[in-house]
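The values are calculated or read from the model by the stated rules, or taken from the named source; none is laboratory data. Please read all numbers here as calculations on a predicted model, not as lab measurements. FYI the Cβ positions are ideal-geometry reconstructions off the backbone, even for glycines, and counts take in every protein chain you see. Calculation scope for accessible area: heavy atoms of the full protein, side chains included, ligands and nucleic acids excluded. Shrake-Rupley method; radii C 1.70, N 1.55, O 1.52, S 1.80 Å.
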Amino acid sequence: MFGYHAWIQSDKVSSAPTVSGPECFALEECKQVFKGLKDAPNISLSISDALPLEAYTLVGCHDNVHITGGDEAGLLYGVYGLLFHIRKGGRLDNLNLTEKPAVNRRILNHWDNPDGSVERGYAGKSLFWQNGRIGYNLDRLRDYARLLASIGINQISVNNVNVNALGAQLLTEDGLKDLAKVADVFRPFNIKIIISVHFDSPVIVGGLRTSDPVDEKVARFWTDAAARVYRYIPDLAGFLMKADSEFRSGPTALGRTQAEGANVIAKALAPFNGTIYWRCFIYDCTQDWRDTVTDRPKAAYDYFYPLNGCFDENVIIQIKNGPVDFQVREPNSPLLGAMDKTRQALEFQIAQEYTGHQIDLYNLAVHWEDVFEHPITEARNTRDLIGQEVDAIVAVSNTGDDENWCGHLLAQSNLYAFGRMAWNPALTAAQVTQEWIHLTFGANPKLKPLLDMMLKSRDVFEKYNAPLGIGWMVTPHTHYGPDVDGYEFSKWGTYHRANHEAIGIDRTRTGTGYTAQYHPYVRDMYENKETCPENMLLFFHRLPYSCRLKSGKTLLQYIYDTHFEGADEVDDFIKTWESLKEYLSEEAYTTVAERLLRQQVNARQWRDVINTYFYRKTGIPDEAGRKIYC
Ligand code: GCU
């Protein structure tokens, strides 16, 4: 079972359509994907310079459709666009549609390890690696390439950002021979490969004694490595680097700046039009919990903002959407949009590390809509940056070799949504989720409750999770299930500082001063408790449990209420899913039902652990007298 992808692969040939156009991969793909479609139209293809790269138009009249692409990639997207249009029940007469991507780099990062495991992977093993080296099932890999291309993904990294010694070998002749074969599979789908590289590659692969970016031998190592790489993969997109992050080596440790670290590699890649994606996920992961001055969310901005204008033209700094780490609720990173002379990538996580491990239902499209709507100034929001300062959208993949690619069938909608929203960030969560439901289960109006349930799922998860943006009440390491104090006395800089009277961190000017990293408009919004969005109150403010929220409830009562509600709403999900049984295949029904039951256990555990924790801290009972274990 492949979910929304199944229909592309259907081998129920009805009538093979007439397809004509220039000999190119898009033409082959058009024949391939339309051969399974009942009553397919006659399709003709052409390329026109008048359209931007990757753009396409669809013009239809009765049984004939003409696809024009700005280039072959545009044609390819036009083929999928037409297929989606038909599958969603769209008509062909008077069809006249133009599409172009908002941003040219729509990227998936795979955190896959050479041993075949996937860091933060919840959908089986790697599709790219087996037993210490590149290894794959070719048919499966081609299907995967088609799956990604059909939603507009055009670059992928295939090895973990936490590059280990084996992963570093990708830069050797042997590693590159293997990787070149993967690039060959993805090339016809307009998908380019990125290699995650180790900062210490000059030592590990090059046998040097240092990785210092200002050392000439190090510069020569990167120049040679780039030349070698492009001999094997002439269209490689570039390198991806996680440096000075979570115990990894990097320029800071050597007394150099992040720009010096990035630029030496940028110079090596420049002759080949390669890009270095340089991650900004840098913070002190050896903090003492007693230290209340160091504030983890401030770190990335402190490192990078002073370097605005210091990065080479082919460096893109890759910024996680929030300043901490893919929590259920965070403000946007203040780096986004702040560096006007620096190219930026916005990084999302589709893998549900903190959002339910693809066991709990969690609609990320809703989450990303919030990210796009986060203000940068009074006049601009994050969506406005896309295609401007932000010229790449990246996500950590949620895929693996599980039969439906994503573990949870409904988690496939997150992969789909990422591709669609990277292509067009103006699409709403409701639109892309509805599209996915149509493509997966057919255009059945009876499935409306499924759409409602999926769109609600982020709120429900948030209700039974850590309250009001405080985050991190998860089980350490695995990040599934509650452990309120699991990170409270650790070195990771992720504290809620709850005592018997109050909870939260003051990040305003009277506290850590984090708010000053934003534009004054945004800073003032967060500084003031009245204008700070309520769902982030505890991220920015330290508040007594007795304080009243806008609803008139106390903070403590809000915590109790949301946790009871969240768990109850998961019970409702189960009932909704049961009510849809007759419209779903047995397989789809069963696999999701099983996940929902596991989610129910998790939600109840969260409810009871959180409520008990705060009851024990405060001694104040629930106003509604519901059961709190003690
Ligand atoms: C988180 C995650 C790690 C990952 C890291 C990153 O900390 O838990 O597994 O390596 O993010 O984004 O690099």
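Data for the structure
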| quantity | calculated |
| --- | --- |
| Hits in the stretch 450-489 (condition: surrounded by fewer than 22 Cβ atoms within 10 Å (Cβ to Cβ) and small (G, A, S)) | G481, G486 |
| Output for the stretch 517-542, where each listed residue is in contact with a helix residue (DSSP H, G or I) (Cβ under 6 Å, 6 or more places away or on another chain) and buried (at least 16 other Cβ atoms within 10 Å of the Cβ) | Q517, R523, Y526, E527, C532, F540 |
| Residues (more than 16 Å from the ligand (Cβ to nearest atom), under 27 Å from T478 (Cβ atoms) and either open to solvent by 50 Å² or more (accessible area, probe 1.4 Å) or not in a loop (DSSP other than H, G, I, E, B) (or both)) located in the stretch 97-137 | K125, W129, Q130, N131 |
| Extreme residue, surrounded by the fewest Cβ atoms within 10 Å (Cβ to Cβ), among residues of the stretch 401-410 that are on the phi < 0 side of the Ramachandran plot and over 15 Å from the mean Cα position of the chain (by Cα) | E403 |
| Single unsatisfied condition, F564 versus (1) in contact with a strand residue (DSSP E or B) (Cβ under 6 Å, 6 or more places away or on another chain); (2) open to solvent by 10 Å² or more (accessible area, probe 1.4 Å); (3) hydrophobic (A, V, I, L, M, F, W, C) | (1) |
| Top-ranked residue in the stretch 270-314 [being within 16 Å of the ligand (Cβ to nearest atom) and over 25 Å from the mean Cα position of the chain (by Cα); ranked as surrounded by the most Cβ atoms within 10 Å (Cβ to Cβ)] | Q287 |
| The stretch 245-269, residues that are open to solvent by less than 30 Å² (accessible area, probe 1.4 Å) and either in a loop (DSSP other than H, G, I, E, B) or of a type outside the set (V, I, T) (or both) | S245, G250, P251, Q258, A259, G261, A262, N263, A266, A268, L269 |
| Candidates R598, R626, R607 - the one that is of a type in the set (D, E, K, R), in a loop (DSSP other than H, G, I, E, B) and surrounded by 13 or more Cβ atoms within 10 Å (Cβ to Cβ) | R626 |
| Every residue from the stretch 150-160 that is within 16 Å of the ligand (Cβ to nearest atom) and open to solvent by 10 Å² or more (accessible area, probe 1.4 Å) | none |
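Yes/no per residue for (1) at pLDDT below 95; (2) within 30 Å of S585 (Cβ to Cβ); (3) surrounded by 24 or more Cβ atoms within 10 Å (Cβ to Cβ):
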| position | (1), (2), (3) |
| --- | --- |
| I359 | no, yes, no |
| F372 | no, no, no |
| T377 | no, no, no |
| A395 | no, yes, yes |
| Q412 | no, yes, yes |
| I437 | no, yes, no |
| K448 | no, yes, no |
